[in-house]
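A quick write-up on the structure given underneath.
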Amino acid sequence: MKPSNAEPITITSDQVTAATATLARAFADYPVFAYVFPNPAERSRLLPRCIEPMIRHEVRRGTLQASSPGIEGVAMWLPPDDGFPTMWGFLRSGLLFDFLSLGVGCCYRLLRVACLAGRLRDRHAPQPHWYLQILGVAPEHQGQGHAARLLEPMLARFDAEQVACCLDTETAENVAYYERFGFQTVGRAVLHGSDLTFWFMTRHPASRPQRGA
């Protein structure tokens, strides 16, 4: 795999709008959001309002990255000491009130998705780990290496620190893509009452070479 030739940048508060727009375009037809917002016209209107509070919440902690100053791709990593959001966590952060503004039905479906993803994470990744919550590239920039540019430096860091990472994805194409970076599927589940399939993937750090070897 050809290494990326640029380092990601940390997204700042004045780039929240641009990062939100990139992710809204990237996930316009993504299975999770097609489930949360089944009406395409409603999805186009509400998806940025769903993504923007998460961006705003994470940008304060410096865990949000873009593939370049052009913000063609965006990744959100949660550190090992950050548990999966609970109802209390949503309330404490204010995100629940933001999500409620999307409508009761959309909020309910979003929480169902979050709960299933949380159960998979609890079951299959009990050890300390980084969690890739979001990675998206705007459609017009896909296939140009932006996702790899976001992944490779962080995976190298995790190898150096000897820490695992994990993610969940909802398309078989993404599963094949992440396998190229050393992720393996360790769990799979279908959201009850839907055809939404979750693949939960983990990546263990590369072993350090033995001294004198």
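The values are calculated or read from the model by the stated rules, or taken from the named source; none is laboratory data. Keep in mind it's a predicted model, so treat the numbers as computed, not measured. Note: ideal-geometry Cβ built from the backbone for every residue, glycine included; neighbour counts use all protein chains shown. Accessible surface areas use protein heavy atoms only, side chains included; no ligands, DNA or RNA. Shrake-Rupley method; radii C 1.70, N 1.55, O 1.52, S 1.80 Å.
May I ask you to list the residues in the range 106-163 that are of a type in the set (F, W, Y) and buried (at least 17 other Cβ atoms within 10 Å of the Cβ)?
As a first pass, look at the range 106-163 and keep what is of a type in the set (F, W, Y): 108, 130-131, 158.
Result: W130, Y131, F158.
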(request) Identify all residues within the range 142-174 that are in a strand (DSSP E or B) and either at pLDDT below 95 or farther than 24 Å from V32 by Cα (or both); write none if there are none. (result) A164
(request) For residues that are touching a strand residue (DSSP E or B) at 6+ places or on another chain (Cβ under 7 Å) and among the aliphatic types (A, V, I, L, M), scanning just the range 164-188, find the one that is most open to solvent (accessible area, probe 1.4 Å). (result) V186
(request) Return the total of residues in the range 58-85 being under 14 Å from the mean Cα position of the chain (by Cα) and open to solvent by 40 Å² or more (accessible area, probe 1.4 Å). (result) 2
(request) Kindly indicate whether any position in the range 119-140 is in a helix (DSSP H, G or I), among the acidic types (D, E) and in contact with an Asp or Glu (Cβ under 9 Å, 6 or more places away or on another chain). (result) yes
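Here is a yes/no grid of residues against (1) at pLDDT below 90; (2) part of a helix (DSSP H, G or I); (3) within 29 Å of P8 (Cα to Cα):
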position	(1), (2), (3)
A28	no, no, yes
M54	yes, yes, yes
D82	yes, no, yes
F97	yes, yes, no
(message) Please verify whether P48 is open to solvent by 30 Å² or more (accessible area, probe 1.4 Å), within 20 Å of L151 (Cα to Cα) and either part of a helix (DSSP H, G or I) or in contact with a strand residue (DSSP E or B) (Cβ under 7 Å, 6 or more places away or on another chain) (or both), treating the condition exactly as stated.
(response) no
(request) List every residue pair whose Cβ atoms lie under 8 Å apart, where the two residues are 6 or more positions apart in sequence or sit on different chains, the first residue falls within the range 161-180 and is among the polar types (S, T, N, Q), and the second residue, located anywhere, is surrounded by 11 or more Cβ atoms within 10 Å (Cβ to Cβ) and in a strand (DSSP E or B). (result) T169/F198; T169/W199; T169/M201; N174/W199
(request) List the number of the failed condition for A41; all other conditions in (1) touching a residue at least 40 places away in the same chain (Cβ under 8 Å); (2) more than 15 Å from the chain's Cα centre (by Cα); (3) assigned to a helix (DSSP H, G or I) hold. (result) (1)
(message) As an exercise: evaluate V186 against (1) part of a helix (DSSP H, G or I); (2) under 14 Å from R203 (Cβ atoms); (3) touching a residue at least 60 places away in the same chain (Cβ under 8 Å) and give the number of the one condition it does not meet.
(response) (1)
(request) State which residue is farthest from the chain's Cα centre (by Cα) when the search covers only the range 195-204 and only residues that are surrounded by 13 or more Cβ atoms within 10 Å (Cβ to Cβ) and not hydrophobic (A, V, I, L, M, F, W, C). (result) H204
